[in-house]
Amino acid sequence: MPKNTKSYKGKYQVINEDKYVGKDKNLTYRSSWELHLFDLLDKHPNIVSWGSEVLSIKYEHPLLHKVKSYIPDLFIQYIDAHGKKHTEIVEVKP
């Protein structure tokens, strides 16, 4: 078993509320990676808007033939170095 098995979970309070697209500004992070990204997205000047678990994507399960929902970790809109706006959906995994 790895030596560093510490589990990271806690609350992150959004600082720049005008950039956050979700309703709840007191977010739950489930890893140190999510905590780092929340802080980066909240404070970075090129981030236009972002949200944690704010999208629900409907799909039909190929084996069960039932409509299911997938909720990605992050929704991000940002301006790149050339001034172009991008929108991305991100799943945070180590």
Exercise. Could you work out the local net charge near LYS11, counting Lys and Arg as +1, Asp and Glu as -1, over the other residues with Cβ closer than 12 Å to its Cβ?
Key: +1
Quiz item: Residue-wise, which Karplus ³J(HN,Hα) couplings in Hz belong to segment 81-94, taking 6.51 cos²θ - 1.76 cosθ + 1.60, θ = phi - 60°, and x for glycine or proline?
Solution: 5, 9, x, 8, 8, 10, 10, 9, 10, 10, 10, 8, 9, x
Exercise. Take each of the peptides 47-53, 19-25, 36-42, 82-88, average the number of other beta-carbon atoms within 10 Å over its residues, and list them starting from the highest.
Key: 47-53, 36-42, 19-25, 82-88
Practice problem: Would you mind checking the radius of gyration and Dmax of the chain based on alpha-carbon positions, in Å? | Solution: 15.6, 46
Quiz item: In straight Cα distance, which lysines are under 21 Å from LYS93, not counting same-chain residues fewer than 8 positions off?
Solution: LYS3, LYS6, LYS9, LYS11
Practice problem: Give the residues of segment 63-83 whose amide nitrogen is closer than 13 Å to a point set 7 Å from the Cα of ASN46 in the direction of its Cβ. | Solution: 77-83
Quiz item: Arranged from highest to lowest average of other beta-carbon atoms within 10 Å per residue, in what order do the peptides 54-64, 70-80 appear?
Solution: 70-80, 54-64
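Laboratory data are not the source of any read-out in this text; all were calculated from the coordinates shown. Only a predicted model underlies this, so the values are computations on that prediction, with no experimental measurement involved. Please note: Cβ atoms are built from the backbone with ideal geometry, for glycine as well, and neighbour counts cover all protein chains shown.
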